[in-house]
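The values are calculated or read from the model by the stated rules, or taken from the named source; none is laboratory data. Not measured: the values here are computed from a predicted model. Using ideal geometry, Cβ is built from the backbone for each residue, glycine included, and neighbour counts are taken over all protein chains shown.
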Amino acid sequence: MKTICLLENTIQEYAWGSYTAIPELLDESSPSDVPQAELWMGAHPKAPSMVRYNGKMVSLQKIIKDHPKDILGETVADKFNNKLPYLLKILAAARPLSIQAHPNLAQAKEGFNRESEQGIFIDAPNRNYKDANHKPECICALTPFWALNGFRKITGILLFMEKICSQSLGSILDELRNQPDSKGLKSFFQALLMLDQKKKKQVIDEAVNNAQKLEKKDPVFEWIIKLSKEYPGDTGVLSPAFLNLICLKPAQAMFLFAGELHAYLDGLGIELMANSDNVLRGGLTPKHVDVSEILKVVNFEERDIKILQCQENNSNECIYSSRAEEFILSVISVDSTKNYTSPAVRSAEILLCTDGQATIIDFNNNEKISLKKGKSVIVPASVKVYSIQGKAVFYKASVNSLY
């Protein structure tokens, strides 16, 4: 396949999704009948995008399998075993997602093979590893976007935890105070996960009562109250006190490394990740929590979060820095005074129009595709040079050329 093609993408309907955010971004009737959580653009076997090819609809996964070097380019096809290495999503969180972490590549391969040998079905509720790939990711805010990401500095954890549950967690906090390092953090988190039902209720009741008294003093306390209403009885309601609480402004982004404990709480964003669906959950969920497995995967290091700003690459495109070889996210803006012209050497790109209307022109074939808000295309590597003309904003997913 050597032409630019429109994508038809799958919407994932999860309970935490929004009734309005994705329909409005796709310029469709709103609200939807059910909560819409994610729109997937890519070739993940769970929900590959579809393209019209030779007069019929074919999955992007099959197109790439049949024409890997045309779509990916020879270098990327060889490097990533003839597979598109990234997955692009729209993520719409109207309710908080689970606290989770993703494995690194070695952990994903070992876990996937182990669970497969144990005969655990891929869709089984106790299956941790859905594939053998890691899942570094980038989230870019389209609206104000609240999230948790990585452990706070231990001094900050102790400060907040002492304010909300110093009595019920006194001995556990003393242990962290006496061992303020990664081992202490691991023991602290494990202790929270292992609380029995009676102790858990005591801890959460104390935390929520104290948070209500302090609600106006810090968003941490506001989120403890909100989470307790969404997930009563779940120790994850304490997470804003021990994880970094972040509100990304529109156009700000952050990179999430393997092993970082995180949760998306509220907002609409563009998410770009390695092509994986591996999730280890640690709270704020009715789903399976495998304590021993998540303790193996999580990075128990305190850290500050670097907020990413889009860095201008040329007059039309700005780029968010990426530490992953599989992907890099950028934003293309065109108007009546400036068009966009692609580089001649590139791999497969997915373009999503989030505002306005424009025309993509394939110079080789002299083909034109009109795109409006909500539409997306796959641009194969075999399309050497293309341009975008009109007045629009596009988010572009591509393979990171720095690796």
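Report yes if some residue within the stretch 338-347 is touching a helix residue (DSSP H, G or I) at 6+ places or on another chain (Cβ under 7 Å), crowded, with 21+ Cβ neighbours inside 10 Å, at pLDDT below 95 and of a type outside the set (Lys, Arg); otherwise report no.
Here is the first cut: in the stretch 338-347, the residues touching a helix residue (DSSP H, G or I) at 6+ places or on another chain (Cβ under 7 Å) are 347.
If we keep only those that are crowded, with 21+ Cβ neighbours inside 10 Å as well, we get 347.
If we keep only those that are at pLDDT below 95 too, we end up with 347.
Subset that is of a type outside the set (Lys, Arg): 347.
Yes.
Sort out for me the strands (runs of 3 or more DSSP E) sitting completely within the stretch 34-115 that have 3 or more residues that are under 17 Å from the mean Cα position of the chain (by Cα). Even if it seems obvious, please write down each step before you answer.
Working: elements: 38-41, 50-53, 56-59, 86-93, 99-101.
Result: 38-41, 86-93, 99-101.
Determine if the stretch 229-239 includes at least one residue that is of a type in the set (Gly, Ala, Ser), farther than 28 Å from residue 80 by Cβ, touching a residue at least 12 places away in the same chain (Cβ under 8 Å) and in contact with a Gly (Cβ under 7 Å, 6 or more places away or on another chain).
To start, the set of residues in the stretch 229-239 that are of a type in the set (Gly, Ala, Ser) comprises 233, 236, 239.
Filter again for farther than 28 Å from residue 80 by Cβ, leaving 233, 236, 239.
Still in the running and touching a residue at least 12 places away in the same chain (Cβ under 8 Å): 233, 236, 239.
Cutting the leftovers down to in contact with a Gly (Cβ under 7 Å, 6 or more places away or on another chain) gives us 236, 239.
Yes, that holds for at least one residue.
Could you please let me know if residue 368 is assigned to a strand (DSSP E or B), in contact with an Asp or Glu (Cβ under 8 Å, 6 or more places away or on another chain) and either at pLDDT 95 or above or crowded, with 19+ Cβ neighbours inside 10 Å (or both)?
Numbers: assigned to a strand (DSSP E or B): yes; in contact with an Asp or Glu (Cβ under 8 Å, 6 or more places away or on another chain): yes; either at pLDDT 95 or above or crowded, with 19+ Cβ neighbours inside 10 Å (or both): no.
No: the conditions fail for residue 368.
Here are 162, 175: which of them is in contact with a Ser or Thr (Cβ under 7 Å, 6 or more places away or on another chain), among the acidic types (Asp, Glu), over 30 Å from residue 38 (Cβ atoms) and surrounded by fewer than 21 Cβ atoms within 10 Å (Cβ to Cβ)? Step through it out loud before you land on a result.
Values: 162 fails: in contact with a Ser or Thr (Cβ under 7 Å, 6 or more places away or on another chain).
Going through 162, 175 in turn, just one is in contact with a Ser or Thr (Cβ under 7 Å, 6 or more places away or on another chain), among the acidic types (Asp, Glu), over 30 Å from residue 38 (Cβ atoms) and surrounded by fewer than 21 Cβ atoms within 10 Å (Cβ to Cβ): 175.
Only one of (1) crowded, with 18+ Cβ neighbours inside 10 Å; (2) in a helix (DSSP H, G or I) is not met by residue 140, so which one is it?
Condition not satisfied by residue 140: (2).
Among the listed residues 238, 256, 265, identify the single one that is within 11 Å of residue 100 (Cβ to Cβ) and either among the acidic types (Asp, Glu) or surrounded by 23 or more Cβ atoms within 10 Å (Cβ to Cβ) (or both).
Values: 238 fails: within 11 Å of residue 100 (Cβ to Cβ); 265 fails: within 11 Å of residue 100 (Cβ to Cβ).
Every option except 256 fails the conditions.
Going through the stretch 374-391 one residue at a time, which ones are over 22 Å from residue 64 (Cα atoms) and touching a Leu at 6+ places or on another chain (Cβ under 7 Å)?
From the stretch 374-391, those over 22 Å from residue 64 (Cα atoms) are 374, 387-391; that's our starting set.
Scanning the stretch 374-391 gives a single hit, 374.
If you take the residues of the stretch 129-186 that are touching a Gly at 6+ places or on another chain (Cβ under 8 Å) and free of Cβ contacts under 8 Å to residues at least 40 places away in the same chain, which of them is farthest from residue 21 (Cα to Cα)?
Within the stretch 129-186, the match that is farthest from residue 21 (Cα to Cα) is 178.
Considering the stretch 238-263 alone, what residues qualify as being farther than 26 Å from residue 192 by Cα, assigned to a loop (DSSP other than H, G, I, E, B) and not charged (D, E, K, R)?
Filtering the stretch 238-263 for residues farther than 26 Å from residue 192 by Cα gives 248-255.
If we keep only those that are assigned to a loop (DSSP other than H, G, I, E, B) as well, we get 249-252.
Residues satisfying the conditions are 250, 251, 252.
The rows are residues; the columns are (1) in contact with a helix residue (DSSP H, G or I) (Cβ under 6 Å, 6 or more places away or on another chain); (2) farther than 21 Å from residue 13 by Cβ; (3) surrounded by 19 or more Cβ atoms within 10 Å (Cβ to Cβ); (4) not aromatic (Phe, Trp, Tyr).
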| position | (1), (2), (3), (4) |
| --- | --- |
| 43 | yes, no, yes, yes |
| 58 | no, yes, no, yes |
| 64 | yes, yes, yes, yes |
| 78 | no, yes, no, yes |
| 81 | no, yes, no, yes |
| 88 | no, no, yes, yes |
| 93 | no, no, yes, yes |
